[in-house]
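In what follows, a single structure is set out as C-alpha cells and then discussed.
The values are calculated or read from the model by the stated rules, or taken from the named source; none is laboratory data. In this text the structure is predicted, and so the values were computed from the model without any measurement. So basically every Cβ, Gly included, is an ideal-geometry build from the backbone, and we count neighbours across all protein chains shown.
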Amino acid sequence: MNGAVLRLENVDKFYGAVGHGVHAVRNVSMDVGKGDIIALLGSSGCGKTSTLRMIAGFEETSRGKIHLSGREVQTLPPVKRHVAMAFEGYSLYPTVNVRDNIAFALKAQRLPRSAVNAKVAEVAEMLEIGDILERMPNSLSGGQQQRASLARALIRDANLYLLDEPMGQLEPQLRTLLRGRLKHFIKERGMTAILVTHDQTEANALADRIAVMEDGVLQQFASPAELKERPANLFTGTFVGEPPMNVFPVSVASDDGRLVLRFDGGQSLAYPENAFAAEVRAALFARGQVVIGVRPYAVRRSGTGAPANVLTNQWLGDQSHVSASFAKGTIILVEHDRAHVAIGDRILIELSPADLHVFDPESGMAISHGRELA
Amino acid sequence: MSIQLSDVRKSFTNDLVLDGVSLDIPTGETLVLFGPSGAGKTVLLRLIAGVIDPDGGRIIVNGADMEGVVPEDRGIGMAFQNFALFPHMDAHANIASPLTARRETRSGIKARVKEVATLLKIDHVLAHRPMELSNGQKQRTALGRALAAEPSILLLDDPLRNVDAKLRFEMRLELPRLLKEQNATVIFVTQDYKEAMALGDRIAVMGDSGIVQIGTPEEIYLRPSSTRIARLFGDPTINLLDVVPEIGAHGPIIQLSGREIAISGSYAGAVGQACSLGIRPEAIHFVEPGAPGAFPVEIEAETPLNEKTVTLAATRNNREILVSRPSGAPGPDRGSAHVAFDMGNALLFDLATGARMIGTDAPANEMSK
Amino acid sequence: MDQTSTLEKVLRRVAISLVILFFMFPIFWIVLMSFQTNETILRVPPSIVFEPTLSNYVALITGRLETQAGTLEVNFMSNLWNSLFLSAGSVAVGLILGIPAAYAFGRIKFRGSEDIAFTLLSFRFAPPLLVLLPLTIYFQKIGLADTYFGLIWVYQLIVLPLILWIVRGYFEDIPADIEYAYRIAGHSWFSTFRKVALPLAMPGIAAAGLLAFIFAWNNFIFALVLASADKQPVTVGALAFVTASGIQYGQVAAGIVLSILPTLALALYAQRYLVEGLSLGAVKG
C-alpha cells in the first residue's frame, strides 16, 4: 500500500531465545494508512500489547521488519521513531502537576507559553480534565491519571499515536462519552492511531479497522462491519459480537430434495435445497460435518422449527436476552421487543439460511457467510 | 426480611460516604446495588459483612442485630471484585476455607468442594494455585468460595468486573440460576446497567452518599426519578431535549423542529416551565414524512452497537438526537429522514433540578415498537 | 535482536568477571591468608604461591595459640558459640515480639500508632556509646550485666526496630480484602493472622530475620562493654589475636572465615523463602 504510515512485515516476538522462547507474536503483517484508526483487539495474552510495544520500540523485534513513514525502524530506539504513546499504567511524572505532565513534550519544542497553554486547554477540555490541571498525579483517581496520560500522548506531534488500553480505568458513562470525542479529535487532525483494547465496543466505536489477535496470530484485519458479517474463522466469529455468536456442530444430510442440518441433541432444521447457492450446497455435502454460526439477533422464534427450552430471560430495557438449552448446548436469542417467555418454556427456533455462517470443523476457517448463501 | 438496614451512616475522615441508608431486603431476593464508583456500594457491603463498623444506624441480618458481631459469626458469603483469593492455597483450599472454619469432616469438605466446583465448571483446576488460573477461573473460584458453605446471605462485589466480555456475558446468563439454587438473599454490586437489569429482582441506585431510587428494573428503566438516573441506564443514553410545554388545541404540547407534538394530559401542570424531555433512542422511529408526529432530521453518523444500529441525527434546530433500531432492520443511513417519537414512552423532567415531573401517573406501559 | 556479536559476549563476560573480582577479592584474600603462617603473610613482596597450612584452624579449634612469646589460651570456639547463641536468641526474641507488633502497626490504625512505630525506629539513631554508660550501671545494679539474658535484651535495640519496620511493610502490602475474605469465611482474626497474613509475609520475615541476624552477629560495642570473657562473641573475642608479640594475621583470617560460615549458611537457607515469596508473586492481584 502506498502512503502507509506503518507497515509490519512478518513480525515475530519471542520472549527468550528466538525459536525457543515464548512465541508471543507470530508472523504478523499489516499496513496502516495515514489517518487510520486501528484497534488491536484480543483477550489478555493474545500478543496485542507486545505488538504495540514493538512498534513503539520498547520491545525488541525478534524477527521481521517494521516500517514507519517509509523508514525501517525495528532497530531504532523509541526516541528516534517519532511515535507518541499513552501507557495503560498511567506513568505520569510524579513530581510535576498535571499541566506540566501534559505539556512536557511541548516544552522541549520551545513553543511560546500561550500556545502551550492553548493546546493543553484544548485537549484537557476534550478529556474532561480541565479542572485538575494544577493537581499533582498522586492526588488523582485512576481514571483521571489515565486521561492525563492520554492527553500527554495526544498533544505531541508524532507520525503515529499508540494508545494502550486508553480508557480501561474509566467509568462506563465517561467511557461512552469520550469514545466519540476521541475519535472526532483524532480524525479532525488527521492523526494515525493504533489502540490496544480488549473491549470490542471500544474497538467498534473508535476504529476504522480492527486487528483481531489470538495466540499471537493476527486472526483477521478488517472493518467492524466486515468482522461482523464475514468473520474469517470461528475465533473471530465468536469473539466479536455481544452477545457472542451461537455455534453448533451439525451434520448435513439430504432428505427428499431438502437439505437437512442435524444437531447433536437430535434436533434438525430442513431447508429447500435451493435456499443455498450451488457451490455452498456442494461444500456442505462434500464435508458432511460443518459448524454453523448464527448471531443471537438472527435466531427467530416461530410456530415451527426446532425445539429448545428456555433457561433465562433477561430484559435489559431495550432488548431481551433469552438463553435456551438446544442441541446439547445453549442458544442465545436477542429480541428487541420484550420477550414474554418464562424459564422452562418450550420454544421453537428457526434459523434463516441468510443468517448462517458456515465453518470447517477441522480448521475453523469460514466456508461461507449467510448473505452470500441465498 | 433477611437484611434490614436502618439509618446506616459511615464516613471516612470527613468524607461522608453513607448518609443514613435504610433498606429492607426480603429473604430470597437479589438486590442490585448500582451506581458510579465512590457512591459507597462497596462500603455498604463491607458494613453488612462486618469488616468495617458503621458510625451509626442498625444492621439486622436474619432478625439479629449485627452490632458487635464479628465477621466470622455472621454466616455470610462474599465475593470480591479483585477476587481476593488466597495466593498460597490451591483452588480447592480456597473454596474449602469456609468449610474448614466449621470443622467439617475431611471427606465432607472434599465432596462439597467437588460439588461446587462442578457446578461452576472448575473441577479440573482444583489443584492449581490462583496464579496458575485464568481470570475466569479465578472469578469462579472466588464465587465457589462464597457459595461453599451455603450461606443464607451472599454479598457479591462486582464479581464480573475483571473478566472479559464473553465470560461476563456467560456468567450473567448463568448466575440467576446458580443463585436461585442457593436460595440465598443476594446483594450484587455492579457498575454495569445491563448486569443490574438482568440480575436484579430490585435495583437500588446509589448516588452521593445514599440510595437515590429503588425499584424493579422496569421501574428504574421506564420511570427513573431523575435525569441522572435515566442517563445511567441504557446504551446509548437517553436523549434529553430542553422544552417548554405549552397549551395546544387538545391539551399540552411541546415544539420540536417546528412541529407541535402532543404530550400526555397529565403534564398540564408543567406548562410554561423549563423542562427536559427524556426519550430513549429505541423509542424514536424512522417514519414516512406524512406520518403522525413526524418531523425532519439530517442524519450525521451511523454506528453498530451490540446488535443494534445507532444513528446520530440533527433536528432542524441543530439538536442532536440518537435513534436506535435492531441490527438488520431497514433504515436510512445518510441524508434527510423523518422520525417520530413514541410519546407514550417520553418522560418529562424539571430542567433545573433534574427530577421527574408529576410523580406517579407517568407512562407505565412497556416499550413497544 | 538475536545477532549479539561474539565480541560483545566476551566483553560482557570480562566485565562481569571484573565486578566479581572487585567485590570478592577481600574475601578471597582472607581465605588465602587463613591457610598461611604469619611469616608468609608478611613476606615482601606478597605472593600467591605458598605452602598451605591448617595450623591457624587447629589453633582456633584447640584453643591454643602458639606465638613467639609462648603459648596463649584463646577460647575462640566458645566465642563463636556465644555469637551464635546471642544472635539466634536475639532474632528469635525479636521475631516473637516484632511480628505481632508489625502486624498491629500495619493493620490497625490506632491513635498514636505512627508515633510509637517511629519512636521504636529512633532507637537506631541513638549513638550506642551514649546509651551504654547508663545501661551498664543499671545492668550492674539489677544483675543483668554479663548475662546472656541481659545481652539479648540489649540486642533488641538493634534487632527489633529492623524487624518491625521491614515486616510491617510486607503486612501492609497484603490486600486487606484477602484477610477479610478469610474472616468472612468464618475464621477468627488469630487464625487469619496465622494462616493468611503470616505465610504471605514470610519473604519479608525471612529477609528481616536474616538482616537482623547479620546486624546482631556483627555487633561489637554492646558486647565489649556488657560481656566478660566467657559471654563475649567473636567480634570482641578477635581482639585476643592482637597479642603482645604482634597481630596474628593468620588466626584472624581463619577466625573471620569461621565466623562467616553461620551467616552464610543462614543466608542460603533463607534464600528459599525469599525466592518463594517472589514466585508467589501477584499477591496484590
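If you check A:357, A:321 for being assigned by TED's automatic domain parsing to the domain that holds residue A:267 and closer than 25 Å to residue A:232 by Cα, only one passes: A:357.
Mind counting the residues in region A:48-92 that are of a type in the set (Gly, Ala, Ser) and in a loop (DSSP other than H, G, I, E, B)? Before the answer, list the steps.
Taking region A:48-92 and keeping what is of a type in the set (Gly, Ala, Ser), we get A:50, A:56-57, A:62, A:64, A:69-70, A:84, A:86, A:89, A:91.
Now restrict to residues that are in a loop (DSSP other than H, G, I, E, B): A:57, A:62, A:69-70, A:89, A:91.
Selection size over region A:48-92: 6.
Could you check region B:18-66 and list, in sequence order, the residues that are among the acidic types (Asp, Glu) and either more than 14 Å from chain C (Cβ to nearest Cβ) or part of a strand (DSSP E or B) (or both)? Scanning region B:18-66 gives B:19, B:24, B:29, B:55, B:65.
Return yes when residue B:156 is aliphatic (A, V, I, L, M), in contact (Cβ under 8 Å) with a residue 40 or more places away in the chain, more than 9 Å from every other protein chain (Cβ to nearest Cβ) and more than 21 Å from residue B:23 (Cα to Cα) and no when it is not.
Details: aliphatic (A, V, I, L, M): yes; in contact (Cβ under 8 Å) with a residue 40 or more places away in the chain: yes; more than 9 Å from every other protein chain (Cβ to nearest Cβ): yes; more than 21 Å from residue B:23 (Cα to Cα): no.
So residue B:156 does not fit the description; no.
The condition of being of a type in the set (Val, Ile, Thr) and touching a helix residue (DSSP H, G or I) at 6+ places or on another chain (Cβ under 7 Å) holds for residue A:116.
Based on this model, can you work out whether residue C:206 counts as closer than 30 Å to residue C:130 by Cα and not charged (D, E, K, R)? Before you say what the answer is, go through the steps one by one.
Values: closer than 30 Å to residue C:130 by Cα: no; not charged (D, E, K, R): yes.
No, not satisfied.
Scanning region B:279-292 for residues that are within 14 Å of chain A (Cβ to nearest Cβ) and either among the β-branched types (Val, Ile, Thr) or crowded, with 22+ Cβ neighbours inside 10 Å (or both) gives B:279, B:280, B:281, B:282, B:283, B:284. Filtered by the rule that a residue be within 14 Å of chain B (Cβ to nearest Cβ) and either assigned to a loop (DSSP other than H, G, I, E, B) or without any contact (Cβ under 8 Å) to a residue 40 or more places away in the chain (or both), region A:240-252 gives A:240, A:241, A:242, A:243, A:244, A:245.
Hey, can you tell me all the residues within region C:104-147 that are touching a residue at least 60 places away in the same chain (Cβ under 8 Å), surrounded by 11 or more Cβ atoms within 10 Å (Cβ to Cβ) and either acidic (Asp, Glu) or not in a loop (DSSP other than H, G, I, E, B) (or both)? Once the filter is applied, which keeps residues that are touching a residue at least 60 places away in the same chain (Cβ under 8 Å), surrounded by 11 or more Cβ atoms within 10 Å (Cβ to Cβ) and either acidic (Asp, Glu) or not in a loop (DSSP other than H, G, I, E, B) (or both), region C:104-147 yields C:105, C:106, C:107, C:128, C:132, C:135, C:136, C:139, C:146.
Scanning region B:118-147 for residues that are crowded, with 18+ Cβ neighbours inside 10 Å, more than 16 Å from residue B:160 (Cα to Cα) and within 11 Å of chain C (Cβ to nearest Cβ) yields a count of 2.
For every residue, the table says whether it meets (1) of a type in the set (Ser, Thr, Tyr); (2) over 19 Å from residue B:308 (Cα atoms); (3) within 14 Å of chain B (Cβ to nearest Cβ).
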| residue | (1), (2), (3) |
| --- | --- |
| A:260 | no, yes, no |
| A:292 | no, yes, no |
| A:298 | no, no, yes |
| A:329 | no, yes, yes |
| A:337 | no, no, yes |
| A:366 | no, yes, no |
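Against the numbered list (1) under 14 Å from the mean Cα position of the chain (by Cα); (2) crowded, with 19+ Cβ neighbours inside 10 Å; (3) small (Gly, Ala, Ser); (4) on the phi < 0 side of the Ramachandran plot, residue B:234 comes up short only at (4). Can you pull out every residue in region A:167-199 that is at pLDDT 90 or above, surrounded by 19 or more Cβ atoms within 10 Å (Cβ to Cβ) and either touching a helix residue (DSSP H, G or I) at 6+ places or on another chain (Cβ under 6 Å) or farther than 19 Å from residue A:128 by Cα (or both)? Result: A:191, A:192, A:193, A:194, A:195, A:196, A:197. Restricting attention to region A:16-45, the residues that are more than 17 Å from residue A:221 (Cβ to Cβ) and among the hydrophobic types (A, V, I, L, M, F, W, C) total 4. Of all the residues that make up region A:246-280, how many are surrounded by fewer than 19 Cβ atoms within 10 Å (Cβ to Cβ), over 20 Å from residue A:331 (Cβ atoms) and not polar (S, T, N, Q)? Total satisfying the criteria: 11.
Can you say whether residue B:13 is assigned by TED's automatic domain parsing to the domain that holds residue B:182, over 16 Å from residue C:178 (Cβ atoms) and among the β-branched types (Val, Ile, Thr), as far as the supplied structure shows? Break it down into steps so the answer makes sense when it comes.
On the way: assigned by TED's automatic domain parsing to the domain that holds residue B:182: yes; over 16 Å from residue C:178 (Cβ atoms): yes; among the β-branched types (Val, Ile, Thr): yes.
Yes, satisfied.
Regarding region A:52-73, can at least one residue be identified that is more than 22 Å from residue A:215 (Cα to Cα), in contact with a Ser or Thr (Cβ under 8 Å, 6 or more places away or on another chain) and either away from chain C (no Cβ under 14 Å) or surrounded by 22 or more Cβ atoms within 10 Å (Cβ to Cβ) (or both)? The answer is no, given that none of the residues of region A:52-73 is more than 22 Å from residue A:215 (Cα to Cα), in contact with a Ser or Thr (Cβ under 8 Å, 6 or more places away or on another chain) and either away from chain C (no Cβ under 14 Å) or surrounded by 22 or more Cβ atoms within 10 Å (Cβ to Cβ) (or both).
Filter region B:343-358 for residues that are within 23 Å of the chain's Cα centre (by Cα) and not polar (S, T, N, Q) and give the result.
Filtering region B:343-358 down to residues within 23 Å of the chain's Cα centre (by Cα) leaves B:345-349, B:353-357.
Across region B:343-358, the qualifying residues are B:346, B:347, B:348, B:349, B:354, B:355, B:356, B:357.
Suppose we keep only residues that are within 7 Å of chain B (Cβ to nearest Cβ) and touching a residue at least 24 places away in the same chain (Cβ under 8 Å) within region C:166-203. Which one would you say is nearest to the chain's Cα centre (by Cα)?
C:200
For region B:253-339, the strands (runs of 3 or more DSSP E) that sit wholly inside it and include 3 or more residues that are at negative phi and over 24 Å from the mean Cα position of the chain (by Cα) are B:259-262, B:284-287, B:295-305, B:308-315. Just one residue in the set A:341, A:334 is modelled with pLDDT under 95, of a type in the set (Val, Ile, Thr) and assigned to a strand (DSSP E or B); that residue is A:334. Selection of strands (runs of 3 or more DSSP E) fully inside region B:151-231 by the criterion of at least 2 residues being farther than 21 Å from residue B:77 by Cα returns B:202-207, B:210-215.
Restricting to region A:8-33, name every residue that is surrounded by fewer than 19 Cβ atoms within 10 Å (Cβ to Cβ) and among the basic types (Lys, Arg). A:26 - this is the single residue of region A:8-33 that is surrounded by fewer than 19 Cβ atoms within 10 Å (Cβ to Cβ) and among the basic types (Lys, Arg). Take residue A:296 and decide whether it is surrounded by fewer than 19 Cβ atoms within 10 Å (Cβ to Cβ), of a type outside the set (S, T, N, Q) and modelled with pLDDT of 90 or more. In short, no. Among the criteria (1) without any contact (Cβ under 8 Å) to a residue 24 or more places away in the chain; (2) exposed (fewer than 15 other Cβ atoms within 10 Å of the Cβ); (3) farther than 19 Å from residue A:178 by Cβ, the one residue A:94 does not fulfil is (1). Selection of region B:185-208 for residues being within 19 Å of residue A:175 (Cβ to Cβ) and free of Cβ contacts under 8 Å to residues at least 60 places away in the same chain yields B:192, B:194, B:197.
Could you tell me whether region B:89-97 includes any residue that is over 25 Å from the mean Cα position of the chain (by Cα) and at the interface with chain C (Cβ under 8 Å from one of its Cβ atoms)? Checked region B:89-97: at least one residue is over 25 Å from the mean Cα position of the chain (by Cα) and at the interface with chain C (Cβ under 8 Å from one of its Cβ atoms).
Can you find a residue that is in contact with a helix residue (DSSP H, G or I) (Cβ under 7 Å, 6 or more places away or on another chain), more than 14 Å from chain A (Cβ to nearest Cβ) and touching a residue at least 40 places away in the same chain (Cβ under 8 Å) anywhere in region B:167-184? No, region B:167-184 contains no residue that is in contact with a helix residue (DSSP H, G or I) (Cβ under 7 Å, 6 or more places away or on another chain), more than 14 Å from chain A (Cβ to nearest Cβ) and touching a residue at least 40 places away in the same chain (Cβ under 8 Å).
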